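Let me begin by presenting the structure, written as structure tokens, before commenting on it.
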Amino acid sequence: MDRTKNDVTSSPYVTAHPTTESAAASSDAPALAGLLTHEDVDRARDRWEVARARWKGRGAKKFRRVRLLWLLIGPGVLVFLGENDAPSMLSYSADGARHGIGFFIPFVVLTFLMGFVVQEMTVRLGAVTHRGHAELIFDRFGRFWGFFAMGDLVVGNFLTLVTEFIGVRAGLGFFGVRPTIAIGGALVIVAAAITTGRYWTWERITMGLAIFNGLFIPAAILARPNWHAVGHALVTWKPLPTGNHYEIVLLILATIGATVTPWMLFFQQSAVVDKGMQPRDINAGRFDTILGVLLASVFAIAAILATAPLFHHGINSVDFQAAQFAEALEPLIGHTGAALFALGIFEAGIVAAIAISTSSAYAFGEVLQTGHSLNRPLRDAWPFYLVLLGSASAAAGLVLIPNFPLEFVALTVNVIAVLAMPPALAFLLLLVNDPEVMGEYVNGRWANVAGIGVTLLLIIAGLGFGLATVFPKWLGG
Amino acid sequence: MKSDFSELSVSKPGMEPIPADVAQPHLEDPRVVLSLLEADQVVAAKEQMRFGRQKLSRGVRLLLWGLRIYVVVMMIIVAISVLRAVHLIQ
């Protein structure tokens, strides 16, 4: 293995550097051959499938390309459909219910474009370094800054997990399922997804669940939206939201937080690493991320359209939670539409619970330097699985506490995500511009302009929220 | 040291080193596993090799501290907003 000369003589480690050299070609190959793990073998199996799909002697070119994309999609689709979670779908629903078809439809598209700018960088970081985000922050910036980043992640992830189980409880509550059964069942699904001991199987199961985020589409169709108004809104961003300005600022912030959050950075980079993606897969990783953006933005707009009838009928939805949205929609879009909406909220909660608890487990494993791969069997990486299930169980338990202030947690989670994002983006931009980490894959000028632009926009949005909170009368709050 | 497995190395960028037309790879053979992974993708190699600390310039440290203070202030504001909401409900 190539090793750069360095001055870290006291460290047990040798400084890594980006390489695309095959392990078999490295000088350490004989030593590594005796140290291969179950994780390496599983990852090699996935790489073999990719190699086979790339092999020119096999099948027509377009079928090989489709097969290759099928093999390489996953982290991008999962991160964006995972981020279309219960509080996010509630934010979109609130957008539709309070302001109808207008400004928020193109605004959601804009937030997803911001999401793409950010997530594309994590694809490159993961594919080039084969390291997770938390690991790179600790390695490059040290423990002091690393623990700050982890603090933001842990708090944000736990609060978000709580809201996912709120979504599960509320979604199934529409069908009369008791909270203990709904939450217990959700935990069983999270546990079942990770018992496979194989990243590939976990990814496909979770993607299979995530596609049900599309339930918001038939719910939207049943709401019979005015498609002309949708097209007009997409082009003109009008009508603009009216009413209480403080509430509008909150909704804008919550809508941004529904698309761009710290856990997504940690999750997608770690998933890219666990999937075994390499620099030559970066374009496929970009396609995967674009596919995730497309699917998630369509489903998000569908949630806005599904709840827009509440706005047109003048129904006050300010204090609505998930089940109440579905109940209020029932007389307007029918029982089927309302049931689809409730099921969509349940699905959003369960997929995000899987993705976010996995994101926490990846980060803990990277920081503690213990096994952190879904390709590892339970006995080899029990701390990883313990964090995964433990964080999900603790969050689920909170939701079952009588009189727990569910609505406050759900309302503030997306706002906190936006506020915690600028430091996370600063670490990301520093890493992706670091030639020692990225080699030839460092950010180009336009990627930096876009990344810095997104960061500034989030800071301005956060400051707007701060001013609106401290001086509510300025905005008529 | 020259690798014993150099015959499996990637000869051209974008090419895979093993014959991919076989139905199943022989993954019990470590040479096949190593030929499919990049040098720093093997778990044992990753455990031995880490990216070293980056020397942070004054500007970067100022930026990180500024953003840290921003987050702390904003969290206090979130707390104020939540407390205000609780007070309104009560």
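The values are calculated or read from the model by the stated rules, or taken from the named source; none is laboratory data. The structure presented is a predicted model; accordingly, all values stated were derived computationally and were not measured. Reconstructed Cβ throughout: ideal geometry from the backbone, glycine too, with neighbour counts over all protein chains shown.
Identify all residues within region A:235-276 that are outside any helix (DSSP H, G or I), buried (at least 23 other Cβ atoms within 10 Å of the Cβ) and in contact with a His (Cβ under 9 Å, 6 or more places away or on another chain); write none if there are none.
Within region A:235-276, just A:276 meets the criteria.
Specify the residue that is farthest from the other protein chains (Cβ to nearest Cβ); the eligible residues are those in region A:142-152 that are surrounded by fewer than 24 Cβ atoms within 10 Å (Cβ to Cβ) and closer than 15 Å to residue A:262 by Cβ.
The selected residue is A:150.
Would you point out the residue of region A:410-457, among those that are touching an Asp or Glu at 6+ places or on another chain (Cβ under 8 Å) and more than 8 Å from chain B (Cβ to nearest Cβ), that is surrounded by the most Cβ atoms within 10 Å (Cβ to Cβ)?
A:424
Being more than 8 Å from chain A (Cβ to nearest Cβ) and either crowded, with 17+ Cβ neighbours inside 10 Å or closer than 23 Å to residue A:464 by Cβ (or both) is the filter here; which residues of region B:31-83 pass it?
Those that are more than 8 Å from chain A (Cβ to nearest Cβ) and either crowded, with 17+ Cβ neighbours inside 10 Å or closer than 23 Å to residue A:464 by Cβ (or both): B:65, B:66, B:69, B:72, B:76, B:79, B:83.
Test each condition in (1) under 27 Å from residue A:245 (Cβ atoms); (2) within 12 Å of chain B (Cβ to nearest Cβ); (3) more than 20 Å from the chain's Cα centre (by Cα) for residue A:156 and report the one that comes out false.
(3)
Residues of region A:227-286 being farther than 27 Å from residue A:417 by Cβ and touching an Asp or Glu at 6+ places or on another chain (Cβ under 7 Å), which ones?
A:276, A:278
Within region A:52-84, work out how many residues are at pLDDT 85 or above and out of contact with any helix residue (DSSP H, G or I) (no Cβ under 7 Å at 6 or more places or on another chain).
Number satisfying all stated conditions: 4.
Taking only region A:32-64 into account, find how many residues are within 16 Å of residue A:285 (Cβ to Cβ) and away from chain B (no Cβ under 14 Å).
Adding up the residues that qualify gives 0.
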